[in-house]
Amino acid sequence: MRDRAWLIIHSDESLDEAQRALFEDAVNRRALREPLQYITGEQEFWGLNFSVTPDVLIPRPETELVVEAALKIIRKGGRQVTIVDLCVGSGCIAVSLAKETDAARIFATDKSNRALAVARENARKHDVSDRIRFLEGDLFGPLAELNLQGMVDIIVSNPPYVRSGDLPALQPEVRDFEPGLALIAGPKGTEIQQRIIGTAPEFLKKHGALIMEMGQGQSDALIRMVNDTNRYEMPEIMKDLAGIERVIVTRKK
């Protein structure tokens, strides 16, 4: 893989047959709407280069809001923190947080062992494998025997939040190539978030934070879910650069 600067400097060079075949294959794959990130095998996130495969969602800029919110809490606290990343996928959130602070112990879970393999690769690539423990299983399930109840400072997550009925209307790049397990939550789109909101207080310390990405138009439903538990403080909603309500942040009472 060559960057733009290299291509400009070597613009007068010709491709050999192997290079030409590789280029033509990439063009043909993109013409079929396969995402460029799966073709190149990489995507930038939080200033870091992440490996990506069709087993994980492609990291997106709006998810950086989750990292931003978590770092704000970490830096204000000024002490070692325990973080749980649910639905870790490529590892972009967990790895970015580990790179930004040495004072974090991170547990990351995912149902997909293939996704966890990608996340582990990214942790190795960025030299943070020693501070992230990857666990296979559904949401909080793998944490049950780790005695983390009431011990977690921050729970972060970019969970599935697409309604199953909305799948046909998604862009082909998303609908046909990104993993459905990481996209589709159920008929309402908020099923996974509701499970996280309901269980997170069991693991959070007092005033521990839940930081979770959400889909467009879901903020009112999630605020109701948070308030209905009577276990959280009033949530804060963060908007992305397009002005879309994208992340919910709340703390355990």
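Can Met238 be described as closer than 18 Å to Ile73 by Cβ and of a type outside the set (Asp, Glu)? When the stated conditions are applied, Met238 passes them. Taking the range 95-130 as the region of interest, how many residues are free of Cβ contacts under 8 Å to residues at least 60 places away in the same chain, crowded, with 18+ Cβ neighbours inside 10 Å and outside any helix (DSSP H, G or I)? Number satisfying all stated conditions: 7. Scanning the range 38-54 for residues that are more than 11 Å from the chain's Cα centre (by Cα) and within 22 Å of Lys99 (Cα to Cα) yields Gly41, Glu42, Gln43, Glu44, Trp46, Gly47, Leu48, Asn49, Phe50, Ser51, Val52, Thr53.
Consider Ile237 carefully, then state whether it is of a type in the set (A, V, I, L, M) and under 28 Å from Gly150 (Cβ atoms). Spelling it out, Ile237 is indeed of a type in the set (A, V, I, L, M) and under 28 Å from Gly150 (Cβ atoms).
In the range 55-71, the condition of being under 15 Å from the mean Cα position of the chain (by Cα), surrounded by 17 or more Cβ atoms within 10 Å (Cβ to Cβ), part of a loop (DSSP other than H, G, I, E, B) and charged (D, E, K, R) is met by at least one residue. For the range 7-25, filtering for residues that are over 33 Å from the mean Cα position of the chain (by Cα), assigned to a helix (DSSP H, G or I) and at pLDDT below 70 leaves 1.
Tell me, yes or no, whether the range 21-32 has at least one residue that is of a type outside the set (S, T, N, Q) and in contact with an Asp or Glu (Cβ under 6 Å, 6 or more places away or on another chain). Scanning the range 21-32 turns up no residue that is of a type outside the set (S, T, N, Q) and in contact with an Asp or Glu (Cβ under 6 Å, 6 or more places away or on another chain).
The values are calculated or read from the model by the stated rules, or taken from the named source; none is laboratory data. Bear in mind the structure is a predicted one, so any value in this text is a computation, not a measurement. FYI the Cβ positions are ideal-geometry reconstructions off the backbone, even for glycines, and counts take in every protein chain you see.
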